[in-house]
Amino acid sequence: MVDLRLVEAVQATPGWDKPQPSRDPANFAPFIAYLASDEAASVNGCVFYTTGSSIGVFNEPRVTCHVSRNPEEQGPWTFDEIAKLVPETLLAGYENPGPPETGLTEDYYGRMLQAWQRRVGLPK
């Protein structure tokens with residue numbers, strides 16, 4: 001049996017069903033794309049938070065640095081803004097404890113793609 005108490009508690013909260021711009025997935029996608037990109041290939045072992053208007057990095061579970069903006073005035077973060085901002089601010093002085101091998105990313109993902117294509121029977 002499913003316990004619906006949490007659902008009922010959320011639904012009892014005034015305004016729970018109203019759109020909240022800070023929770024729009026479009027506000028989070030650029031940061032997630034940045035983390036998945038080659039620009040962030042040397043980033044690992046970090047815990048980040050993002051609210052759509054703020055991005056932060058935790059350290060021994062506390063935020064040690066964060067950046068904010070007003071999305072109504074400046075719009076949502078873009079990938080290019082994040083790719084420039086994060087290394088200069090949130091990760092200034094950061095050293096990756098396990099940096100990737102040079103050329104590993106492209107080779108690894110190429111091999112993974114080929115393996116997946118073989119598995120599902122797609123042409124290369």
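Data overview
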read-out: Answer residue from the range 79-120, given it is surrounded by 10 or more Cβ atoms within 10 Å (Cβ to Cβ) and assigned to a loop (DSSP other than H, G, I, E, B) and is modelled with the lowest pLDDT among those; value: Pro100
read-out: Filtered residues of the range 26-40 (kept if of a type outside the set (A, V, I, L, M, F, W, C) and either farther than 14 Å from Gly75 by Cα or assigned to a loop (DSSP other than H, G, I, E, B) (or both)); value: Tyr34, Ser37, Asp38, Glu39
read-out: Conditions (1) surrounded by 10 or more Cβ atoms within 10 Å (Cβ to Cβ); (2) at pLDDT 80 or above: number failed by Glu73; value: (1)
read-out: Which listed residue is farther than 15 Å from Ala29 by Cα and touching a helix residue (DSSP H, G or I) at 6+ places or on another chain (Cβ under 8 Å), from Val63, Val67, Val47, Val57; value: Val67
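The values are calculated or read from the model by the stated rules, or taken from the named source; none is laboratory data. If you're wondering where the values come from, they're calculated on a predicted model, not measured in any experiment. Ideal geometry is used to build each Cβ from the backbone, glycine not excepted, and the neighbour counts take in all protein chains shown.
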